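Trainee: My structure is below; once you've seen it, I'll send some questions.
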Amino acid sequence: MEFTVKPRRALIVYLHSMKQVRQLKRFGSIQYQSRKGRYVVLYMDENQVNTATAKLKRLGFVRRVEPSYRPDVDMNFGERVDRGFFKPEDGINDEDDDD
């Protein structure tokens, strides 16, 4: 048996009230919940995100649902540093002029 990594994505679910947090367990695993911000971070498989988002939006206690964009962002910053990603723009003097 070989281990394979399934692509997963987080959904941030903003709620009107935190009383119904336990009902969200059927959509995925609850990673974090903020009582002050009134939101819940749910993790689920990538192929379930579209159907779960549609179902969550229909619930009365849900204000809005946002997907996490972290899987879409390239997290390899080493190549950007090598290409000069953090170099200052041309025309900017690095020397301080004390007049």
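Trainee: Provide a single number: the residues in segment 9-29 that are farther than 12 Å from ALA52 by Cα, free of Cβ contacts under 8 Å to residues at least 40 places away in the same chain and either touching a Lys or Arg at 6+ places or on another chain (Cβ under 7 Å) or not in a helix (DSSP H, G or I) (or both).
Mentor: Of the residues in that region, 2 qualify.
Trainee: Here is a list: GLN48, GLN33. Which entry is part of a helix (DSSP H, G or I) and either on the phi > 0 side of the Ramachandran plot or surrounded by 11 or more Cβ atoms within 10 Å (Cβ to Cβ) (or both)?
Mentor: When all the criteria are applied, what remains is GLN48.
Trainee: Hey, among the residues in segment 1-21 that are of a type in the set (D, E, K, R) and either surrounded by 11 or more Cβ atoms within 10 Å (Cβ to Cβ) or touching a strand residue (DSSP E or B) at 6+ places or on another chain (Cβ under 9 Å) (or both), which one's nearest to VAL73 (Cα to Cα)? So that I can check it myself, show each step before the final result.
Mentor: Within segment 1-21, the subset of a type in the set (D, E, K, R) is 2, 6, 8-9, 19.
Narrowing the set further to residues that are either surrounded by 11 or more Cβ atoms within 10 Å (Cβ to Cβ) or touching a strand residue (DSSP E or B) at 6+ places or on another chain (Cβ under 9 Å) (or both) leaves 6, 8-9.
Details: LYS6: 17, ARG8: 14, ARG9: 12 Å.
Among those residues, the one meeting the criterion is ARG9.
Trainee: How about segment 30-43: which of its residues are basic (Lys, Arg) and without any contact (Cβ under 8 Å) to a residue 24 or more places away in the chain? If you could, list the steps in order and put the result at the bottom.
Mentor: Restricting attention to segment 30-43, the residues satisfying the condition of being basic (Lys, Arg) are 35-36, 38.
Residues satisfying the conditions are ARG35, LYS36.
Trainee: Quick one: ARG70 ticks every box in (1) at pLDDT 95 or above; (2) under 27 Å from LYS6 (Cα atoms); (3) of a type in the set (Lys, Arg) bar one, so which box is it?
Mentor: ARG70 satisfies every listed condition except (1).
The values are calculated or read from the model by the stated rules, or taken from the named source; none is laboratory data. On a predicted model such as this, the values are computed, not experimentally measured, just so you know. With ideal geometry, Cβ positions are generated from the backbone for all residues, glycine too; neighbour counts draw on all protein chains shown.
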